[in-house]
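The values are calculated or read from the model by the stated rules, or taken from the named source; none is laboratory data. These figures come from a predicted structure and were not determined experimentally. Heads up, the Cβs are rebuilt from the backbone with ideal geometry, glycines too, and the neighbour counts pull from every protein chain shown. Just the protein is used for accessible areas: all its heavy atoms, side chains included, with ligands, DNA and RNA removed. Shrake-Rupley method; radii C 1.70, N 1.55, O 1.52, S 1.80 Å.
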Amino acid sequence: MSRLFMVRHGPTHARSMVGWSDIPADLSDAAALARLSAYLPEAAPVISSDLSRAVDTASAIENGRRRLPHDADLREIHFGDWELKRFDEVAATDPEHIRAYWETPGDVAPPNGESWNAVCARVDGAVDRLLAAHGGQDLIVVAHFGAILTQVARAMGLSGSDAFGHKIDNLSVTVIEAFGDWAAPVINHNP
């Protein structure tokens, strides 16, 4: 049995669509980081996406745990031309496209960005590689809102629009049981 303890990175305080932009996390809440680290399994290795907000969050909760190399396939959704824009900015020029992206995710993608299906395929591949290399172990995966939701959707058999209905707070933990019938017994837990 493998369990993935999926941690969303610390807050960036950005009020826009932040995908592959390398914006740092605010890790000033030492008490929240200590509670998070204490909640996570002591013997589980830690891996993160290669974006600094995830890497630095992983370092802040590592607490002597073994680190695995960063994995770019655990990155957030690539928003392409919408990167660092607010929903209302994009909606002002392309309202139908952005509404379709968020309301009926699947093959709809931002210009020069990724669709929900593409994000799922990328993150599923990364998780499958982790499970093949570390099967039977608990793993701590520090990633992003979209990456975590791909695994919630996978575990629960959800559509993209149903997955987007879940809240994933910064510094929260979502537990994915990756064996036999996958499950997500814990979503968005804030220790």
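Which is farthest toward the positive dipole end of the range 1-158 among Leu27, Asn63, Ala147, measuring Cα position about the Cα centre, with Cβ charges +1 (Lys, Arg) and -1 (Asp, Glu)? Going by the charge dipole, the pick is Asn63.
Between amide H atoms placed 1.01 Å from N, distances below 5 Å from Arg67 occur with Val46, all of them 5 or more places distant or on a separate chain. Amide H contacts of Arg86 (H built 1.01 Å from N, in plane; Pro and chain starts excluded): Met17 sit under 5 Å, all sequence-distant by 5 or more or on other chains. Here the chain was treated as a single set of alpha-carbon atoms; its pair distances binned every 5 Å from 0 give 1, 8, 17, 22, 21, 15, 9, 5, 2, 0 percent. Charged neighbours of Ser16, selected by a Cβ distance under 15 Å, balance to -2 (K, R count +1; D, E count -1). Run the numbers for Ser159 and Ile23: contour at 0.36 nm per residue of separation, minus the present Cα-Cα distance, in nm. Separation in residues times 0.36 nm, less the Cα-Cα distance, equals 46.1 nm.
Quick one: how many Å² of Arg129 are accessible to a 1.4 Å probe, rounded to 10? Accessible area of Arg129: about 120 Å².
Using the Cβ-Cβ distance between Phe179 and Thr104 with R0 set to 35 Å, the FRET efficiency from 1/(1 + (r/R0)^6) comes to roughly 0.65. Relative contact order of the chain, taken over Cα pairs closer than 8 Å and 6 or more residues apart, is 32 percent.
When ligands, DNA and RNA are left out and all protein chains stay put, how many square angstrom of accessible area per residue does the chain have with a 1.4 Å probe? Walk me through the numbers on the way to the answer.
Working: 8290 Å² over 191 residues.
For the chain, the per-residue accessible area is 43 Å².
When the alpha-carbon atoms of the range 68-129 are used, the pair Rg, Dmax equals 13.1, 42 angstrom. If R0 is 22 Å, the Cβ-Cβ spacing of Met1 and Tyr39 corresponds to a FRET efficiency of close to 0.70. Here the contact order of the range 51-133, divided by its residue count and restricted to Cα pairs under 8 Å and six or more residues apart, works out to 29 percent. Seen from all directions on average, the range 1-76 presents a Cα convex hull projection of 5.4 nm². Remark on Ile187: its backbone amide H falls under 5 Å from those of Val175, a criterion applied only to residues 5 or more positions apart or on other chains, H modelled at 1.01 Å from N.
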